[in-house]
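See structure below.
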Amino acid sequence: MNAMLRKEMCLSASVLSYIFLAAAVMTLIPGYPVLCGAFFITLGIFQSFQSVREANDIVYSALLPVAKSDVVKGKFMFSVMIELLGFLLMTVFTLIRMTVLFGSEVYHKNALMNANPFFLGMALVIFGLFNMVFIGGFFKTAYKFSPFVTYIIVAFLTIGVAEALHHIPGCADVNAFGFDHIGLQAALLCGGAVMFTMLTFLSYKKSCRTFEKIDL
């Protein structure tokens with residue numbers, strides 16, 4: 001395991017980052033905007049950044065015999081690890097809804113987004129936006145949290161669009177039950193994965209450049 005990631009997990013991370021992984025269970029709640037589960041997982045990661053600032057962890061990390069880019073890399077690796085763990089849990093609960101609970105009337109009467117591969121793809125988009133908007137914004141100063149306010153706005157606008165999409169004529173298939181329209185669903189999930197990868201990679205590269213310019 002990367003030494004910086006181990007340091008993040010054992011020293012820097014807030015326990016809330018792990019506890020908020022339980023928000024993945026929201027995937028099973030009927031009549032609820034299930035994408036909010038992805039937002040709460042990122043909120044848990046945000047708690048670690050709060051702990052980092054209060055403990056002056058950024059300066060401590062920069063004083064270690066590592067490159068400044070490794071400090072950024074450690075934060076991104078930890079954040080992505082939590083996001084992927086959350087995504088894995090959401091995938092398990094989505095598969096339960098698509099199989100075991102497929103015939104449940106309470107889900108079929110749900111006017112909101114179903115738990116399906118499109119939902120999982122959008123969860124990845126939410127995670128990517130967190131990495132781009134908040135983490136990328138945080139490393140412009142390494143102490144200001146104002147980018148999180150911007151992220152909240154962007155995240156809930158995205159959730160609103162995703163929730164409304166299947167009500168638009170011709171777009172109902174994105175809200176398919178079970179394994180209906182699985183080809184389209186798989187393509188949407190892949191699209192979400194591509195966006196997550198691109199947003200995270202671009203934010204990481206930008207964060208390395210901006211953090212190098214900061215006089216700690």
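The values are calculated or read from the model by the stated rules, or taken from the named source; none is laboratory data. Worth saying up front: this structure is predicted, and the values here are computed from it rather than measured. In this analysis, Cβ positions are derived from the backbone assuming ideal geometry, glycine residues included, and neighbour counts consider all displayed protein chains.
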Next item on the list: Quick one: which residue in Phe93, Phe118, Phe156 is within 25 Å of Ser48 (Cα to Cα), of a type outside the set (Lys, Arg) and under 21 Å from the mean Cα position of the chain (by Cα)?
Entry: Phe156
Margin query: Could you tell me how many of the residues in segment 137-181 are part of a loop (DSSP other than H, G, I, E, B) and farther than 23 Å from Leu95 by Cα?
Written below: 11
Check: Looking at segment 137-147, which of its residues are surrounded by fewer than 24 Cβ atoms within 10 Å (Cβ to Cβ) and in contact (Cβ under 8 Å) with a residue 40 or more places away in the chain?
Finding: Lys140, Thr141, Ala142, Tyr143, Phe145
Margin query: With among the hydrophobic types (A, V, I, L, M, F, W, C) and either farther than 23 Å from Leu43 by Cβ or not in a helix (DSSP H, G or I) (or both) as the only criterion, which of Phe102, Phe130, Phe134 stands out?
Written below: Phe102
Next item on the list: Pick out the one residue from Leu124, Leu199 that is surrounded by 21 or more Cβ atoms within 10 Å (Cβ to Cβ), part of a helix (DSSP H, G or I) and aliphatic (A, V, I, L, M).
Entry: Leu124
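Within segment 12-92, which helices (runs of 4 or more DSSP H) (wholly inside it) include 1 or more residues that are touching a residue at least 40 places away in the same chain (Cβ under 8 Å) and of a type in the set (Asp, Glu)?
57-63
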Next item on the list: For segment 9-18, indicate whether the set of residues that are within 17 Å of the chain's Cα centre (by Cα), at pLDDT 95 or above, buried (at least 18 other Cβ atoms within 10 Å of the Cβ) and of a type in the set (Phe, Trp, Tyr) is non-empty.
Entry: no
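Being modelled with pLDDT of 95 or more, surrounded by fewer than 19 Cβ atoms within 10 Å (Cβ to Cβ) and of a type in the set (S, T, N, Q) narrows it down to one residue among Thr150, Thr94; which is it?
Going through Thr150, Thr94 in turn, just one is modelled with pLDDT of 95 or more, surrounded by fewer than 19 Cβ atoms within 10 Å (Cβ to Cβ) and of a type in the set (S, T, N, Q): Thr150.
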